[in-house]
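The values are calculated or read from the model by the stated rules, or taken from the named source; none is laboratory data. Source: prediction; values computed, not measured. FYI the Cβ positions are ideal-geometry reconstructions off the backbone, even for glycines, and counts take in every protein chain you see.
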Amino acid sequence: METIGFVGVGKIGMPISENLIKSGRRVVGYRRSSLAEFERIGGVPARSSADVGAQADIVFSCLPSMEALDDVVQGPRGLVHTARPGQIVVELGSHPLPDKQRQIAPLAQKGATFIDGEVSGTPGMVSAKKGVIYLAGDAAACKKLEGVVAGFADTCLYFGEFGAASRVKLVNNLLVVIHIAATAEAMALGLKAGVDVPLMIQAIASGSGGSMQFGIRAPWMAERRFLPAQGTVPGLQHYVGMIGDFADSVGVATPMLDCAAALYERFMAMGFGEFDGAKMVDVIGSLPRSKTKNEGTTNET
């Protein structure tokens, strides 16, 4: 039985691990908090990141911060201490590219390969194997990973040089940020339109105005189903700064992102941080109708 390692068994790591277990793999995992749920789904608990690495030739991680990533790879009980030739380590979390690149050399000195990975999808999508996995870096290592990724995702895309997966994820999440806000605006209007709301959602989700975020979150907005949160606004705000820095580096304006970012700041100011981003419908609903009909027009004489 093939052993796969996973460090950071959280909202994304747990469903990935569960799908890997269902695919017939032995999954050994570690996180700083309790591993009781991980054990319940059939996972094998480890004592540290290094312990995970000692037991698996392929190790995935999905970590919440650059500090956590540095510690898991290079810390006193990090993966570097048990790294070996042929081992592959894949970080699936989103971090500034220099923070990911910083992990390459220490692992390479031990003969291990570090891969730039990303996950596109909510925890529910990942659980249903509908998440999309992006990989970038060493081509042979990424090719080897494809068979393992097939155990937890139906789609795996290789983007080439290290860092390309991270850049594509930022483009993706620019749209996620905008689409959630746009869905909230549409639903705030639709809920007051005096129409059959479920039928309206069905029509729009399958029509020209639909989006993945509308299909997921419009029903939650209609039903006021904001907990448990599949994706929080602080989680989205984690990307806003990175997207802005990326856009600055390539010289592209982001006017729609900038407008959406202000709405997310209002969301947090209203004390909604624990709720799913779907609660943006209440933020939109709280705003007065601004009179902007003639803004941006000129009268020529």
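So the values come out like this:
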{"read-out": "Scan of the stretch 248-268 for residues that are farther than 22 Å from Gly285 by Cβ and free of Cβ contacts under 8 Å to residues at least 12 places away in the same chain, ordered by number", "value": "Asp248, Ser249, Val250, Gly251, Val252, Ala253, Pro255"}
{"read-out": "Qualifying residue in the stretch 203-226 (condition: touching a strand residue (DSSP E or B) at 6+ places or on another chain (Cβ under 6 Å), under 30 Å from Gly24 (Cβ atoms) and not small (Gly, Ala, Ser))", "value": "no"}
{"read-out": "Qualifying position, being modelled with pLDDT under 95 and of a type in the set (Val, Ile, Thr), among Thr122, Thr113, Thr155, Thr183", "value": "Thr122"}
{"read-out": "Count of residues meeting criterion [more than 15 Å from Ser166 (Cα to Cα) and surrounded by fewer than 16 Cβ atoms within 10 Å (Cβ to Cβ)] in the stretch 236-254", "value": "4"}
{"read-out": "Some residue of the stretch 58-65 being surrounded by 15 or more Cβ atoms within 10 Å (Cβ to Cβ), at pLDDT below 95 and of a type outside the set (Lys, Arg)", "value": "yes"}
{"read-out": "Elements of type helices (runs of 4 or more DSSP H) contained in the stretch 221-301, each with 3 or more residues being under 26 Å from Pro64 (Cα atoms), at pLDDT 95 or above and among the aliphatic types (A, V, I, L, M)", "value": "233-250, 255-269"}
